[in-house]
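Take a look at the structure below.
The values are calculated or read from the model by the stated rules, or taken from the named source; none is laboratory data. Predicted, not measured: the structure shown is a model, and the values here were computed from it. Quick reminder, even Gly has a Cβ in these numbers, built from the backbone with ideal geometry, and neighbours come from all protein chains shown. Keep in mind that these areas ignore ligands, DNA and RNA; they rest on the heavy atoms of the full protein, side chains included. Shrake-Rupley method; radii C 1.70, N 1.55, O 1.52, S 1.80 Å.
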Amino acid sequence: MSDTIIDTHVHIWRFDKAEYAWLKGDTTCLNRNYELAELEEERQAAGVTGGMLVQAANNREDTEWMLENAYATEWIKGVVGWLPLEDPDTTERWLTEGYGADPYFKGVRHLIHDEADPRWLLQDKVLESLRLLAQKDIPYDLVGVLPEHIRTALAVAEKVPGLRMVFDHLNQPPIATGERFGVWGDLMREASQNELLFVKISGLGTTSKNFGHWKAADLEPYVEFALQYFGEDRCLCGGDWPVSMLAGSYERTWKAYQDIIYGLLDAGGEGEAVLSECDAVLSVVITIGYDSTYKKAIMNVTIGLSLLILGGISAGSSYVPMKGVKGWAWESLWAVQGLMAWLLLPFLLAFCTIPHLMSVIGSVPASTLGYTYLFGFMWGVGGLAWGIAVRYIGLSLGFSIATGFLSSLGTLVPVVVNGQIHEIISTASGKITLLSVGLSLVGIAICGKAGLRRDRERKSSNPVGERFQFRKGLLIALAAGVLAACFAFGIHAGDPIRQKAIEAGASPVWASTPIFFIELLGGITVNLLYSLYLNKKNNTFSDYGSAKERGRLVPNYLLSSLMGTLWYLQFVFYGMAAFFMGQYSFANWSVHMSFMVVASNLWGYFFKEWEGSSAATIRWNNAGILVLVIAGVIMGMASH
């Protein structure tokens, strides 16, 4: 039996999230809320390791609710959502501005069996929308119950070449009458000739109408028919929970499908082509068009990793322009870069990418905004400490030590606060994560030893005028790492802002920008207040109008602004990567941190921060960097 089984047909609904017209007045067990947590025990018992959420209402709220669950639930691999197909302009806008690029949006469905006209799909405007799906290679799920629905699908296939379609529940074969196979069979044989038409083995217990009394043998002829004519590469399998509860338990449904499929296909393992994501069901997971969908997933991850690397390099390079600022006190350049990095750029990007930005922010509860701002303020204290630490221990060590703590705490602390530590400890991936955290601390210790060696070697050769103060800088860098981990809390606390941005029509690629804007308001508050305090204390307000070195005023402003720009660009790249990485987003933080370390150390070597150090000391530092990078890679792989 396959180790990986994908359920391509799972429903959820909650009446406070969306309207489900077909359930109004329903007197069965279906007329209540159903959420994924209720399915968990049976899912594990059935051996199902992944799933696809499928549309249950013709409205956007249902789709948004499913996407919210997909992003929050590891075993959910994608969503078959809804689009207003009768309005091709809105369909195109929703695809262009959001769903078309959402890694979890895998297909589209409309409840055509609830429409009075079984030829509903053949309306001109609907066909226009279906052509948009074909252009974007987004499949369409057919929830048909009549032979006429099959005829409609065949007509659509002629009018919209290139559109992949899936017959949900085998389009209701005549199981209840025992007919083999009549008009249904004739039409499905014709459909099987089109390689872009697929079938989903699902909902068959319910189709039997013999609730609670059906047997696997009742379903087997129709499953055999599907496999014979469509082949295992075009057959999907789904539990149809919770609708299937009308006919029996979820576990019973899956046991029947597995017994039938493995019994029909030879012992060489062909049955796994229907049940396993290792074959036709891989494509995360509508699960059709295996090759194209899987390649898209790889492409998304490739783009995401590239963006994370760029973000890490940008962050690790952000302090480089500081070395070119001449004739200004540290607090002056820090205030200018802070205004650019933590106020101007965050606002401009959010304003340009989020429709009705202020309305979006105004629609979020005050507590959400407050916590997001507060965590940003605490992170700002850490950022301030980080800037001071770099002055004492240099770019390379400042980033290595503070980032090591930041990566570890940014991964672990949210888990502890959310009460998930027991769950983490009890799983293999959790133990691997803890191992990576331990390795991060080892890497910090190794870099620390390298720093101590560097200080001793420099003082022995040049005891006067030493500008690095390792012990003092170490304590500040550690404090910076602890406080900077609050940024991860701010992103989590601000997620409702992201959701509101998407609801307002923002692309998921940019939906996090208002979170960063609110969070960085907290950061600029503490940093600007501290800088102005130092300006007053040190009598350096004059820096903003002149520089102690002739001709340096404009370059100082430009370099300080560049410093802030490079620093903020990491969040532009990070926010985009979070979208493209999709289910692999657990790796984002550690990959980002690792490349910050690499970039900052390369700059440290470039600026000769280790000049005068022995080869052994440099080897210690390189070893520490390597351990930190390995820890980041392991941390990124743990949940996978």
If each of PHE15 and ALA623 carries a label point 7 Å out from its Cα toward its Cβ, how far apart are those two points in nm? 6.6 nm
The lysines whose Cα lies under 25 Å from the Cα of LYS159, excluding any fewer than 8 residues away in the same chain, are LYS106, LYS125, LYS136, LYS200
In terms of Cα to Cα distance under 18 Å, which lysines are near enough to LYS472, apart from those fewer than 8 places away along the same chain? LYS449, LYS459
Protein chains only, probe 1.4 Å: how do MET245, MET66, MET358 rank by accessible area, largest first? MET358, MET245, MET66
Given the Cα-Cα distance of PHE606 and GLU190 and 0.36 nm per residue of separation, how much length would full extension add, in nm? 142.9 nm
Extension gain from LEU344 to LYS536, taking 0.36 nm per residue of separation minus the Cα-Cα distance: 66.8 nm
Does region 503-561 come out rounded, prolate or oblate, given a ≥ b ≥ c as the square roots of the eigenvalues of its C-alpha gyration tensor, rounded meaning a/c under 1.5 and, failing that, prolate meaning a/b above b/c? oblate
Gained length - GLU549 relative to ALA616, 0.36 nm times residue gap less alpha-carbon distance: 20.2 nm
Hey, rough spin-label estimate for LYS159 and LYS472, points 7 angstrom out along Cα→Cβ, what's it come to in nanometres? 7.8 nm
What figure in square angstrom, to the nearest 10, would you give for the accessible area of THR565 with a 1.4 Å probe? 40 Å²
Near LYS323, which aspartates and glutamates are there with a Cα under 16 Å away, not counting those fewer than 8 places off in the same chain? GLU331, GLU549, GLU609
Just add up the charged neighbours of GLY203: K/R +1, D/E -1, any other residue whose Cβ is under 13 Å from the Cβ of GLY203. -2
With every protein chain kept in place and a 1.4 Å probe, the residues ILE634, ILE524 fall, from largest accessible area down, as ILE634, ILE524
Sequence of ARG119, ARG550, ARG456 when ordered by accessible area, the most exposed leading, probe 1.4 angstrom: ARG550, ARG456, ARG119
